[in-house]
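Just so it is clear, none of the values below were taken in a lab; they were calculated from the coordinates. Just so it is clear, the structure is predicted and the values come from calculations on it, not from any experiment. Because the Cβ atoms are built from the backbone with ideal geometry, glycine has one as well, and the counts that use them run over all protein chains shown.
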Amino acid sequence: MSNNLYSVKNEICKVLRGKDDVIDMVLCAILARGHILLEDIPGVGKTTLAVALSRSLGISYKRMQFTPDVLPSDILGFSMYDRERNDFTFRPGAVFTNLFLADEINRTSPKTQAALLEVMEERRVTVESTTYRLKPPFFVIATQNPIGASGTQKLPDSQLDRFFVRLTLGYPGHDEATEILKGHSFESIDSVNTVMTGEDLLKLQEECDNIHASDAVCDYIVSLAEATRKTDLLLQGISPRGSIAILKMARAHACYNMRNFVTPEDIHRVFYAVCNHRIILSTKAKATGKNIRDIINMTLNTVPVPV
């Protein structure tokens with residue numbers, strides 16, 4: 001059944017060329033019921049990826065451009081007095097959908113950013129003491145400009161931790177960029193066909209939950225997380241929530257590759273995407289010229305791999 005996801009990938013590749021690795025990670029995150037953070041400069045295809053994904057999966061999609069004047073009620077919804085009914089009626093916000101695209105999430109206020117915390121963690125919205133559950137599947141794809149760009153505000157660590165993965169599309173390669181200019185490799189977003197349904201995706205997610213992870217694999221994930229907490233190159237290592245995300249993403253990667261068990265290679269494949277936004281470099285690491293990828297590679301190279 002996982003072959004359906006390769007059909008989804010083929011549809012996305014019609015409008016987004018040369019980004020196979022990123023598309024693979026996005027599809028794995030969706031299998032794992034995770035949220036996705038795309039951090040990159042404007043104009044590299046972040047929104048195109050989200051729209052193509054929703055069309056190919058056959059699910060509902062809403063986009064909100066986050067600006068300094070966006071309010072929590074715009075996202076979650078609000079109650080409005082209905083004169084005919086002589087009562088208050090709830091008006092659902094933008095998150096009442098299957099795929100919610102939070103565009104440039106770090107351009108809005110911390111209060112508005114925090115409004116997404118409950119909905120990302122619990123898949124529910126609470127407005128005026130009343131709780132409304134979102135219909136599955138539900139996931140958030142948020143985009144943000146690099147920290148330091150004009151008009152941006154850093155996401156709090158608690159919210160960053162809610163994202164399963166942080167990915168970067170990056171610039172296209174020289175050949176891809178040339179083809180884009182010529183118009184040879186670009187198809188209209190209307191060319192993306194629906195190849196799955198929301199019900200198909202829910203069945204795949206259930207299949208992913210049943211992927212076997214041995215005791216040795218779970219012990220290996222814990223050892224990797226502990227290694228990030230013990231080094232003096234990091235101020236903050238992988239949290240227990242991060243360890244759970246690694247396991248779920250490893251299961252999703254195994255399912256995506258049509259295996260019913262997790263291997264250390266699955267963990268290695270997803271480790272950077274899951275962990276790069278969860279760890280904080282120490283002054284010592286910065287002074288010695290090491291970056292986050294260096295630390296992650298060092299961790300994978302030093303912790304013994306289970307047989």
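About its Cα centre, how strong a charge dipole does region 210-302 have in debye, to the nearest 20, once Lys and Arg get +1 and Asp and Glu get -1 at the Cβ? The calculation lands at about 340 debye.
Which one of ILE221, ASN260, MET249 has its Cα pushed farthest toward the positive end of the charge dipole of region 210-302, where Lys and Arg give +1 and Asp and Glu give -1 at the Cβ? Working it through, the farthest residue towards the positive pole turns out to be MET249. With a cut-off of 14 Å between beta carbons, the residues surrounding GLU207 carry a summed charge of +1, where Lys and Arg count +1 and Asp and Glu -1. Counting only residues at least eight positions apart within a chain, or on another chain, the aspartates and glutamates with an alpha carbon under 15 Å from that of LYS111 are ASP69, ASP74, ASP157. Of the residues LEU71, LEU27, the one with the fewest other Cβ atoms within 10 Å heads the list, and the complete ranking is LEU71, LEU27. Straight-distance candidates among the lysines for linking to LYS286, with alpha-carbon spacing under 29 Å and chain neighbours fewer than 8 residues away dropped: LYS154, LYS230. Each part gets one Cα centre, and for region 17-46 versus region 66-92 those centres are 31 Å apart. Left without a cysteine partner by the 4.7 Å Cβ rule in the chain: CYS13, CYS28, CYS218, CYS275. Comparing MET80, MET120, MET258 in a Gaussian network model of the chain where C-alpha atoms under 10 Å apart are linked, the largest mean-square fluctuation is found at MET80. Based on Cα contacts under 8 Å between residues 6+ apart, region 3-182 shows a relative contact order of 31 percent. When we measure straight from the Cα of LYS19, which lysines land under 22 angstrom away, once same-chain ones fewer than 8 places off are left out? Those lysines meeting the cut-off are LYS9, LYS46, LYS182.
In this structure the amide hydrogen of ASN257, modeled in the peptide plane, comes within under 5 Å of no amide hydrogen from residues 5 or more places off or on another chain.
Ranked by Cβ crowding within 10 angstrom, fewest neighbours first, how are PHE261, PHE66 ordered?
Ascending number of Cβ neighbours within 10 Å: PHE261, PHE66.
Remark: relative contact order (the chain) = 23 percent; criterion is Cα-Cα distance under 8 angstrom and separation of 6 or more residues. Per-residue Cβ neighbour counts within 10 Å put LYS46, LYS284, LYS182, LYS290 in the sequence LYS182, LYS284, LYS290, LYS46, beginning with the fewest.
Evaluated at q = 0.10 Å⁻¹, a Debye calculation over the C-alpha positions of the chain (equal weights, vacuum) places log10 I(q)/I(0) at -0.60. All other residues whose Cβ lies under 14 angstrom from that of THR283 are scored, Lys and Arg at +1 and Asp and Glu at -1, for a net of +2. For the pair region 269-307 / region 103-144, the C-alpha centres are spaced 29 Å from each other.
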